[in-house]
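Participant: Dumping the structure here so I can ask a few things about it.
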Amino acid sequence: MKKMFVTLALGALAAAAHAGAIDSLENFVRNAKTGHADFTQVITAPPRDGQPGRTKSSSGSFDFQRPNRFRFEYRKPFEQTIVADGQTVWLFDKDLNQVSQRKQVKVLANTPAAVIAASPDLESIKRDFELQPLPDQDGLQWVQATPRQKEGQLTSMKIGFRGDQLAALEIQDSFGQRSVLTFNNMQVNAPVNPQTFHFTPPKGADVLQAP
């Protein structure tokens, strides 16, 4: 009887710890109105022709202002800028001197940005994602977010928190690619210059209208 009680108690503690990951997500989307962080990103392609999957790494900075505004500034190994201004998502490749633009409403649904920058509350996220707490790993609490619509490129996403602070994203897409973003030096609710989320194509750049 004593052994059974201990087992049940440990199970209850584990369930409470897992549920804490959902609480961390809810607190983040409710309380983090703006944010700035440095990030590293590692993309691993699936194995092909008997060869192991290749990886490529990049790094830069990330800013967001809820709802629907964010900026990824890639600095290494190549300079790229992705800006969502609330209406349009802009992607600028400096080496190609090329800009693509797309209506934001067509882009954000069922993407990581819908969680970390767009949605103002947990219920909004639950409309697009099925949420499930995962066991703690690498010192982080994890939430699995699976898109309810299956036709998009995103197939699953894990969101890692250190307390209520966003620490990592692990993204799996329909092409078998795995992308891991790690956030460092996260500053929440610090003042953000509105121009951060404004983009004007550079003079002479090719501007493409994406479908």
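Participant: Please pick out the residue among 119, 124, 100 that is of a type in the set (Gly, Ala, Ser), under 18 Å from residue 33 (Cα atoms) and modelled with pLDDT of 80 or more. Before you say what the answer is, go through the steps one by one.
Facilitator: On the way: 119 fails: modelled with pLDDT of 80 or more; 100 fails: under 18 Å from residue 33 (Cα atoms).
Result: 124 is the single residue among 119, 124, 100 that is of a type in the set (Gly, Ala, Ser), under 18 Å from residue 33 (Cα atoms) and modelled with pLDDT of 80 or more.
Participant: Does residue 176 meet the test of being in a loop (DSSP other than H, G, I, E, B) and among the small types (Gly, Ala, Ser)?
Facilitator: Against the criterion (in a loop (DSSP other than H, G, I, E, B) and among the small types (Gly, Ala, Ser)), residue 176 qualifies.
Participant: On to the next question. Does residue 87 meet the test of being polar (S, T, N, Q), surrounded by fewer than 18 Cβ atoms within 10 Å (Cβ to Cβ) and either in contact with a strand residue (DSSP E or B) (Cβ under 8 Å, 6 or more places away or on another chain) or modelled with pLDDT under 80 (or both)? Even if it seems obvious, please write down each step before you answer.
Facilitator: Numbers: polar (S, T, N, Q): yes; surrounded by fewer than 18 Cβ atoms within 10 Å (Cβ to Cβ): yes; either in contact with a strand residue (DSSP E or B) (Cβ under 8 Å, 6 or more places away or on another chain) or modelled with pLDDT under 80 (or both): yes.
When the stated conditions are applied, residue 87 passes them.
Participant: Out of the residues in segment 40-55 that are farther than 19 Å from residue 157 by Cα and assigned to a strand (DSSP E or B), which is modelled with the highest pLDDT?
Facilitator: Among them, the one singled out is 48.
Participant: Another one. Check whether at least one residue in segment 85-97 is touching a residue at least 40 places away in the same chain (Cβ under 8 Å), within 17 Å of residue 154 (Cβ to Cβ) and assigned to a strand (DSSP E or B), and report yes or no.
Facilitator: no
Participant: Also: Taking segment 120-146, which residues are surrounded by 13 or more Cβ atoms within 10 Å (Cβ to Cβ) and either in contact with a Phe, Trp or Tyr (Cβ under 9 Å, 6 or more places away or on another chain) or over 19 Å from residue 68 (Cα atoms) (or both)?
Facilitator: 131, 132, 133, 134, 136, 140, 141, 142, 143, 144, 145, 146
The values are calculated or read from the model by the stated rules, or taken from the named source; none is laboratory data. Quick caveat: nothing in here was measured; it's all calculated off a predicted structure. Virtual Cβ from ideal backbone geometry, glycine too; neighbours counted across all protein chains shown.
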